[in-house]
Amino acid sequence: MAVVGFDTTVFPKLNYKDPEEFWQRIEEIKGFFSHHKGQLDKVFEKAPAFMAAFEKLDPLIQSYTSKVCPYCGTVCCANKFGFPEFADVVGFLALGLEIPSYDLDVDEEAICQFIGEGGCVLPRPQRPYRCTWYFCDPLLVQLEIGPARDYRSFINDLQELSRARGELLESFFQIWKEIQAEKER
C-alpha cells in the first residue's frame with residue numbers, strides 16, 4: 001500500500017512570526033467553514049475516518065514516545081514546530097476541534113509551549129500533523145527493534161492516517177478552489 005497524501009503547499013502559509021496576520025488567516029479559515037458549511041458536506045463526511053485513524057495510531061505512538069522521549073537529551077518538540085499550517089487548521093475545524101490558543105510571543109527554539117510533564121498536552125488530532133509523523137532516530141530504532149507486529153501495525157496505521165487526511169484535504173481543496181475562483185470573477 002503506497003502512502004497517499006496531499007500537497008499542502010497549495011494553501012496559503014500561516015506566518016506565526018506575524019501574529020496579526022496569523023490570527024487573521026485563522027479567522028478567515030474559520031469564516032470559510034462558517035459561511036460555506038453546507039458546501040463542505042464532503043469534507044465533514046471524511047472527518048470520521050480521519051479521526052478514527054488518529055485514534056488507532058495514537059496508543060502505539062504514545063507507548064513508544066513515553067519510553068524514549070523522557071530520556072532524550074535533545075527535545076525535538078520546539079515551538080516553531082508546534083504552530084499549525086493552513087491544512088492543520090482545516091483538519092481541526094473539519095473534526096470539530098477548537099483551535100489551540102497559541103502564544104506566538106515565545107522563543108521559537110524553546111521547548112514547545114504545549115509540552116507538559118507527560119508529553120504533549122494537546123490531543124493528537126489537535127496537534128500540527130508534523131507532530132504525528134515526525135519520528136527521531138531513537139524512536140525509529142525502538143520501533144524497529146520492538147515486536148514486528150507493532151512495526152507492521154505502525155506502518156499500516158500511519159499510511160491510513162495519511163490517506164484519510166489526504167482525502168479530507170482534497171475534498172476541502174476542491175471546494176475552496178471553486179469558491180476562490182468565483183470571488184476572482
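Some notes on this structure:
- Taking I175, I61 and counting other C-beta atoms within 10 Å, the order from fewest to most: I175, I61
- The range 1-111 - Rg and Dmax from Cα coordinates, angstrom: 16.3, 49
- Shape descriptor for the range 15-184: Rg over Rh equals 1.00 (Cα atoms; Rh from the Kirkwood inverse mean 1/r).
- Cys with no candidate disulfide partner in the chain (beta-carbon separation under 4.7 Å rule): C69, C72, C76, C120, C131, C136
- Near K183, once Lys and Arg are set to +1 and Asp and Glu to -1 for all other residues with Cβ below 13 Å from its Cβ, the sum equals -2.
- Here the chain is assigned +1 on the Cβ of each Lys and Arg and -1 on the Cβ of each Asp and Glu. Its dipole about the Cα centre then comes out at about 540 debye.
- Flagged links, alpha-carbon separation over 18 Å, of K17/K80; K42/K177; K37/K177; K30/K80; K30/K177: K30/K80
- For the chain, built as a Gaussian network whose Cα springs stay under 10 Å, the top-fluctuating residue of S63, S162, S153: S63
- Only Lys, Arg (+1) and Asp, Glu (-1) charged, at Cβ; the range 19-104 dipole about Cα centre in debye: 320
- The distance from the alpha carbon centre of the range 24-47 to that of the range 7-22 is 17 Å, rounded to a whole number.
- For the range 73-152: rounded, prolate or oblate by the Cα gyration tensor [a/c cutoff 1.5]: oblate
- Residue-averaged [θ]222 nm for the chain, counting only DSSP H segments that reach four residues, each worth -39500 (n - 2.57): -19000 deg cm²/dmol
All of the numbers you see were taken from the coordinates with simple rules; none came from a lab. If you're wondering where the values come from, they're calculated on a predicted model, not measured in any experiment. Cβ: placed from backbone, ideal geometry, glycine included. Neighbour counts: every protein chain shown.
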